[in-house]
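Please read the structure below before turning to the comments.
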Amino acid sequence: MRLLHLADLHIGKIVNNFSMLEDQSYILDQIIELVKEYKPNAVILAGDIYDRSVPPAEAVSLLNKFLDNVLIGLNTPVLAIAGNHDSADRLQFGSNLFAKNNLFIEGVFTRNIRKVKLNDEYGPVNFYLVPFADSPVVREAFDNAEVKCLNDAMKCIVEKIEENLEEGERHVMITHGYITEGGNELETCESEKNLVIGGTEYVDVSLFNKFHYTALGHLHCPQKAGSERVRYAGSPLKYSFSEEKHKKSATLVDLDQDGNVNISLLELKPLRDMRSIKGNLDGLTSPGFYNHANRNDYIRAVLTDDGELIEPMAKLRQVYPNTMILEIERKDGFLNTSFMSSKERMEKTPIELFKSFYKFHTRREMSELELEIAQEIFVEIENEVE
């Protein structure tokens with residue numbers, strides 16, 4: 001059986017105030033061409049189909065168009081689950097009706113794990129659809145007080161499936177989470193949302209030993225999780241500059257009659273790449289620099305100019321209209337936080353941001369007296385707001 005494994009579409013995502021819908025439409029059209037060319041028996045969507053629990057109407061319309069092309073136009077079944085970004089209830093709506101048209105979608109987790117049986121020339125392949133659910137949800141569903149973490153939760157789920165695992169048949173798990181071998185770290189990126197408050201809990205890959213293939217979602221870099229039989233498809237597009245070195249792909253899985261897998265990564269080429277450029281403003285905006293690249297790419301620009309700059313973002317966007325982030329780096333290594341990403345700024349306190357601002361404009365650190373005065377002012381402002 002041939003499967004096309006996808007995950008983390010994040011349809012409707014906005015990156016640094018830029019809507020990614022046009023890019024997502026372009027990449028989904030490319031995926032449809034892959035379905036036409038490679039003719040998989042099924043397409044897998046392993047969670048985070050939408051970027052947020054209440055997606056915009058344009059995002060819903062784009063997913064509908066994609067599913068219509070795959071299900072009706074190409075007569076290819078789709079197996080999908082909810083990830084941690086999705087609204088489980090919204091994805092669950094109409095799932096029984098959709099199944100009649102070969103769209104098997106599981107949004108809400110229950111103790112009755114959904115099993116879908118598809119057949120090829122060698123017989124049946126059983127798919128187990130396990131949407132993302134945190135440990136309290138699983139603990140309540142199974143009425144099992146021993147479920148304390150995500151690994152406990154998945155162990156409970158897998159044991160339930162294994163109670164009725166048919167010998168001699170092939171089995172594929174579809175789920176969403178942080179799965180690794182013995183806690184070894186995998187490649188992660190900024191655009192992945194933590195599965196639990198306060199950090200990341202991992203699920204041990206050994207739990208999936210009895211499945212011939214496990215299709216994962218959550219991590220945005222295509223990679224194996226300790227075994228070629230347990231893989232992340234990765235996101236089809238770059239959604240942060242921490243992903244700029246990623247090679248995005250769709251994962252083609254060939255499952256033979258004995259359940260052995262052969263993996264091929266089918267490259268996906270974006271409408272606009274996401275990349276960083278570094279240098280002085282004049283150099284970056286000269287034809288000799290930009291003529292050999294796509295000026296419409298999403299850009300993070302790091303300027304190394306020493307002097308005062310007048311409207312550097314406006315000048316950059318005259319050449320690179322999709323400049324997302326502008327940072328200014330001085331010779332002393334100081335980076336102007338006023339051009340940092342929103343994530344980086346949110347991690348700093350107001351006084352830390354002010355200290356960076358002060359250093360950038362005065363080229364020196366604040367004295368103890370100046371820092372004390374600034375802290376008093378911030379306290380007064382906070383009291384007035386309250």
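The values are calculated or read from the model by the stated rules, or taken from the named source; none is laboratory data. Note that the structure is a prediction, hence the values are computed from the model and not measured. A quick note on method: Cβ atoms are made from the backbone with ideal geometry, for glycine too, and the neighbour counts reach across all protein chains shown.
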Exercise for the section: Determine, yes or no, whether Val35 is β-branched (Val, Ile, Thr), assigned to a strand (DSSP E or B), farther than 27 Å from Arg275 by Cβ and free of Cβ contacts under 8 Å to residues at least 60 places away in the same chain. Expected result: no
Exercise for the section: Would you be able to say whether some residue in the range 314-323 is among the aromatic types (Phe, Trp, Tyr) and modelled with pLDDT of 95 or more? Expected result: yes
Problem - the range 81-92: number of residues that are free of Cβ contacts under 8 Å to residues at least 60 places away in the same chain and within 24 Å of Ile32 (Cβ to Cβ) - result: 3
Problem - Selected residue (only one of Ser227, Ser264, Ser235 is surrounded by 15 or more Cβ atoms within 10 Å (Cβ to Cβ), modelled with pLDDT of 95 or more and hydroxyl-bearing (Ser, Thr, Tyr)) - result: Ser235
Practice task
Tell me which of these Ile32 doesn't satisfy, since it passes every other one: (1) surrounded by 20 or more Cβ atoms within 10 Å (Cβ to Cβ); (2) in contact with a Phe, Trp or Tyr (Cβ under 8 Å, 6 or more places away or on another chain).
Solution key: (1)
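Residues checked against (1) surrounded by 12 or more Cβ atoms within 10 Å (Cβ to Cβ); (2) in contact with a helix residue (DSSP H, G or I) (Cβ under 7 Å, 6 or more places away or on another chain); (3) of a type outside the set (D, E, K, R); (4) modelled with pLDDT under 85:
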| site | (1), (2), (3), (4) |
| --- | --- |
| Leu281 | yes, yes, yes, no |
| Gly307 | no, no, yes, yes |
| Pro312 | yes, yes, yes, no |
| Glu329 | yes, no, no, yes |
| Met340 | yes, no, yes, yes |
| Glu347 | no, no, no, yes |
| Lys359 | yes, no, no, yes |
| Gln375 | yes, yes, yes, no |
| Glu380 | no, no, no, yes |
Exercise for the section: Output yes when any residue across the range 311-322 is assigned to a loop (DSSP other than H, G, I, E, B), more than 17 Å from Asp273 (Cβ to Cβ) and over 26 Å from the mean Cα position of the chain (by Cα), and no when none is. Expected result: yes
Fill in the blank from the handout: Residue count, the range 218-274, condition more than 19 Å from Phe132 (Cβ to Cβ), hydroxyl-bearing (Ser, Thr, Tyr) and part of a loop (DSSP other than H, G, I, E, B), comes to 1
Fill in the blank from the handout: In the range 279-302, residues that are free of Cβ contacts under 8 Å to residues at least 40 places away in the same chain, charged (D, E, K, R) and either in a strand (DSSP E or B) or under 17 Å from Gln24 (Cβ atoms) (or both) total 1
Exercise for the section: Evaluate the following for Thr285: is it within 25 Å of the chain's Cα centre (by Cα) and β-branched (Val, Ile, Thr)? Expected result: no
